[in-house]
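Report on one structure; see the data block that follows.
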Amino acid sequence: MDRTPPSLRAVGSMSQRPKAEIFLKMFYVYLLKSNKDGSFYIGQTDNIKERLERHNSGFVISTKNKRPWNLLGTEGYSTRELARWKEYKLKRSANEKNKFIKKFTSSSFNG
């Protein structure tokens with residue numbers, strides 16, 4: 001018996017479906033760095049480009065006074081729930097936050 005949730009079941013065989021229809025929506029936890037004061041910001045989104053534009057346009061209250069922002073890195077997740085959980089853990093644990101920042105700022109990451 002197929003235990004796959006109905007919303008995830010394929011319609012027809014894979015060979016009958018156009019490849020353009022096969023995609024997964026991704027959710028991201030991202031790290032920004034302020035060009036103004038060097039501080040970091042961690043958030044989550046499903047659209048990195050749009051979210052960075054919102055940060056740099058002043059639409060995000062918590063980041064508007066430290067513009068402009070640069071994207072340092074992202075981690076991808078299959079569900080928003082997982083991305084939110086990771087963001088929550090990073091914002092609640094200084095140790096986890098520091099590891100996340102180091103991951104994207106170490107010399108080995110930057111080449």
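Only the coordinates and a few stated rules stand behind these numbers; no lab work does. If you're wondering where the values come from, they're calculated on a predicted model, not measured in any experiment. Neighbour counts run over all protein chains shown; Cβ positions are idealised from the backbone, glycine included.
Rounded to the nearest 20, the size of the Cβ-charge dipole of the range 24-105 about its Cα centre is 200 debye, with Lys and Arg at +1 and Asp and Glu at -1. When restricted to Cα atoms, the range 24-105 yields an Rg and a Dmax of 12.2, 36 Å, respectively. Listed values for the range 36-50 are Karplus-derived 3J(HN,Hα) couplings in whole Hz (6.51 cos²θ - 1.76 cosθ + 1.60, θ = phi - 60°), namely 6, 9, x, 6, 10, 9, 10, x, 9, 6, 10, 9, 4, 4, 5, and x replaces Gly and Pro.
In terms of other Cβ atoms within 10 Å, Trp85, Trp69 run from fewest to most in the order Trp85, Trp69.
Within the shell defined by Cβ-Cβ distances under 14 Å, the residues around Tyr88 carry a net charge of +3, with Lys and Arg each +1 and Asp and Glu each -1.
Label zone of Leu24 (point 7 Å out along Cα→Cβ, amide N under 19 Å): in the range 81-108 this covers 81-87.
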